[in-house]
1. Taking VAL315 as the residue in question, decide whether it is buried (at least 20 other Cβ atoms within 10 Å of the Cβ), over 20 Å from ALA147 (Cβ atoms) and more than 14 Å from the chain's Cα centre (by Cα).
2. Just give me the residues in the stretch 238-272 being among the hydroxyl-bearing types (Ser, Thr, Tyr) and at pLDDT below 95, in sequence order.
3. Quick one: in the stretch 315-346, of everything that is assigned to a helix (DSSP H, G or I) and in contact with a strand residue (DSSP E or B) (Cβ under 8 Å, 6 or more places away or on another chain), which residue is farthest from GLY275 (Cα to Cα)?
4. Quick one: TYR152 ticks every box in (1) in contact (Cβ under 8 Å) with a residue 40 or more places away in the chain; (2) closer than 21 Å to GLN385 by Cα; (3) among the hydroxyl-bearing types (Ser, Thr, Tyr) except a single one, so which number is it?
5. When you look at GLY275, is it modelled with pLDDT of 95 or more and crowded, with 20+ Cβ neighbours inside 10 Å, yes or no?
6. Take the residues in the stretch 120-140 that are closer than 18 Å to GLU202 by Cα and surrounded by fewer than 17 Cβ atoms within 10 Å (Cβ to Cβ); name whichever of them is modelled with the lowest pLDDT.
7. Would you confirm whether any residue within the stretch 319-328 is in the same structural domain as CYS134 (by TED's automatic domain parsing) and surrounded by fewer than 18 Cβ atoms within 10 Å (Cβ to Cβ)?
8. Of the residues THR312, THR273, which single one is hydroxyl-bearing (Ser, Thr, Tyr), part of a strand (DSSP E or B) and over 28 Å from HIS114 (Cβ atoms)?
Amino acid sequence: MQKIAQYFIKNYFKRAGIELDGTQPYDIRVINPHFYTRVFLYHLCGLGSLAFGETYVDGWWKCDRIDEMIYRLQQSRFNEERPPGRLKRLWYWLLWHLYNPQSVLLSRRVAAMHYDLGNNLYRPMLGESMAYSCGYWKPDTKTLDEAQFAKYDLICRKLGLNTWDKKHPPRILEIGCGFGGFAKHAAKRYGANVVGVTLSKEQLEFGKALCDGLPVDLRLIDYRLLSRGEFPDGFDFIVSIGMFEHVGPSNYSRFMAIAADMLRPGGLFLLHTIGTRGGGQEAWIAKYIFPGGRLPRLPQILHAAEGRFPKTLDVHNFGHCYDYTLMAWLKNFHGHSREIELAKDERFVRMWNYYLASCAGAFRAQILDLWQIVFSKDEILGGYQSVR
């Protein structure tokens, strides 16, 4: 079995220009020969990518440039699991039709598992902005903090905050407020009043300190518990940055319905989310990094918005920027390893190295997208002008 598995795996990677035990930084060096059999058997079930990531975390193989290796694999298209195995198809059918992995309870567990890992990890990795979402890298952008500032300001300009009457501060609801970076930016630079919701206690604590003294109200609450009864006047704008990936297909319509209910007539809703053209979530990421996560397809988003947001005013894809963002995070993660308590655990280091580098490679190969979509419930007088 091992000889058959080894022959298959070697040819599998060779088609992508990757040699096993080769000399290039994107080549794989096999340490444990059981790697071949494990990946091969999982591949037969349509879960080869899961075993591939697990064996790296287990220390069964090494690669100096995982980002470049994944990029080459994705570019070659030989790593696509098509057709998916029957077990995988059955699993997804049961998961999304009979079970809601993004229920209120499970969503709280995910927040505790990933986002509450501690600011000792996120502060060195994310930089001054503490933005855990894709930055906007313009041609003259030099640093991660500049890219994150540009992303926040891009959102504000897409909402038209730069033309808003300062005598009447706009009210913004942020669904998934993270560490409070956008709320601070919108409040400090544009005078907005911001209400933000999150499920992460660590993010909430940091965000409140970051926005101290500003007209910002951050709360620990699931978006499904938002009601117009608590906010009878509604909001002029709604923003959701890097949170929709956790909503899940079972909840897309409900998410859009809540956003539409909270938005005042004439208001705008900006959704910032990672997306995929094939649907789903990479198996290893879904198991170890974002349990229950599900990347949406653009038609799914638009279908859920239909009837609630009749006007799709703008769709902006800058997925290439996530490659730069992830590589900056990866550099910070390794460059500040002495400051990060969790970096003392070798398995954790390998896990996050694989997570950040493999995602960078996937965005580099353009199999993943990053969309900013602007919706409205009403006609916009004079039309909507796209901002870049």
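1. Values: buried (at least 20 other Cβ atoms within 10 Å of the Cβ): no; over 20 Å from ALA147 (Cβ atoms): yes; more than 14 Å from the chain's Cα centre (by Cα): yes.
Answer is no for this residue.
2. Step one: of the stretch 238-272, the residues among the hydroxyl-bearing types (Ser, Thr, Tyr) are 240, 250, 252-253.
If the condition is that a residue be among the hydroxyl-bearing types (Ser, Thr, Tyr) and at pLDDT below 95, then SER250 is the only one that fits.
3. CYS321
4. Result: TYR152 passes all but (1).
5. Answer is yes for this residue.
6. Looking only at the stretch 120-140, we keep the residues that are closer than 18 Å to GLU202 by Cα, and these are 120-133.
Filter again for surrounded by fewer than 17 Cβ atoms within 10 Å (Cβ to Cβ), leaving 120, 128.
On the way: ASN120: 88, GLU128: 94.
Of everything passing the filter in the stretch 120-140, ASN120 is modelled with the lowest pLDDT.
7. First, pick out the residues of the stretch 319-328 that are in the same structural domain as CYS134 (by TED's automatic domain parsing): 319-328.
Add one more test, that the residue is surrounded by fewer than 18 Cβ atoms within 10 Å (Cβ to Cβ), and what stays is 320.
Checking the stretch 319-328: at least one residue is in the same structural domain as CYS134 (by TED's automatic domain parsing) and surrounded by fewer than 18 Cβ atoms within 10 Å (Cβ to Cβ).
8. THR312
The values are calculated or read from the model by the stated rules, or taken from the named source; none is laboratory data. Since the structure is predicted, the reported quantities are computational estimates derived from the model, not experimental observations. Backbone-built Cβ (ideal geometry, glycine too); neighbour counts: all protein chains shown.
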